[in-house]
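Each remark here refers to the structure printed beneath this line.
Here, each number is a calculation from the coordinates, and none is a lab measurement. Values in this document were obtained by computation on a predicted structure and should not be read as measured data. Counting neighbours? That spans all protein chains shown, and the Cβs are built from the backbone with ideal geometry, glycine included.
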Amino acid sequence: MKPKSSLPNPFVNKPFILGFEPAYLGNCLSSLANLIVFSIRNNVPIIYPDINKYNSIFLNQNKNHHIFDPLGLLDETFALTFSSMARPFISDAVSTQYEELDSFRCQGLTLFLPNDPIQKIRDWTDNGMEGNVATFCAQGNGLIMPRVFWNQYTDMRTAAIYARALREHLGELRPDSVANRSTHMMDHNNHLRIGIHIRRSDSRYWYGGAYFFSIEDYVRVIKSLHSSLHFTPHIFYIFASERIDPSAFEDLPIFYTEAEFQDDFIAMGTCDYIVGPPSTFATWSAFLNGAKRLILTRERIDNIDKIQSILDLAVNIPFPTGGYLPGDLRASPV
């Protein structure tokens, strides 16, 4: 059976997935991570051109982050050219559903998968999607996804085994280019450095504002941490999604400077801890630099005076696509 609407495979009979995700840095990285997991599990090369717009955060900015192809099946230059040609034709007005892939017995084709039904799938391992996609590609076909949903693999306990491959593919981050902050961090290298991620504008209405906290909430958290670390030299580095007034943190050992989000992303992860609400931005920063992650929730803030040391609740990030909410064994994204 051959699908009604298809294009020839530009790589002849070699499998591939071309994914697009025009999202902000954290979600863009998460989409790449999940595609890499799929690639390793199923030996299907992936092409992901949207990651290139964030090449400035990496130490090696000339590396081809847009393609993951351990077996060397695809031509890297042509892969990028093809993705540029394909982007204008992306549309949800296609009839092929992932469930149908299992019935296609064909070779040398390229299909578009519509975005809307994929968005409804919480995990690629559910509903047979991963198996159907892998089988279709293994026959020598390719798939183009208009958006790569970043919840493809939601159980961090199983995704963690792919963390090393992900780190090796991305490589090291470049140094923070904000001179005064970089110097301050070096001068306080013997201090416990705690990054406070103040997520404001983009979280006001996310999940009904459940993770939108006032400046007073953040002050309360910092004061509690400051008190519990009385005998430990420490410093708080403030990273905010919008401009804040540092006078709100008067008499507390903080450092704050306005900076581009790329530099905030790099500097945040060099702290020992990153404290803040659920955020792919902060979680990825922690993962790539080795910081521990402390997720703030309304309940934790309201009960902070009852917690002996809230830093004890911080966790390592085995794989960066999870939300790491308290009590969630899968650490699935929110």
Check your understanding: Short version: ³J(HN,Hα) in whole Hz for each residue of the stretch 173-181, in order, from phi by Karplus 6.51 cos²θ - 1.76 cosθ + 1.60 (θ = phi - 60°), x for Gly and Pro, what are they?
Key -> 7, 6, x, 5, 8, 7, 4, 5, 6
Point to revise | Kirkwood hydrodynamic radius (C-alpha pairs) into Stokes-Einstein, the chain, 10 °C and 1.306 mPa s, D in µm²/s | key: 75 µm²/s
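Quickly rank 242-255, 135-148 as a protection proxy: mean count of other C-beta atoms within 10 Å, highest first. Walk me through the numbers on the way to the answer.
Numbers: 242-255: 13.0, 135-148: 21.2.
Descending packing order for the listed peptides: 135-148, 242-255.
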Practice item. Tell me which residues come under 5 Å, amide H to amide H, from Leu192 once H is placed; ignore anything under 5 positions away on its chain. Key: His234, Ile235
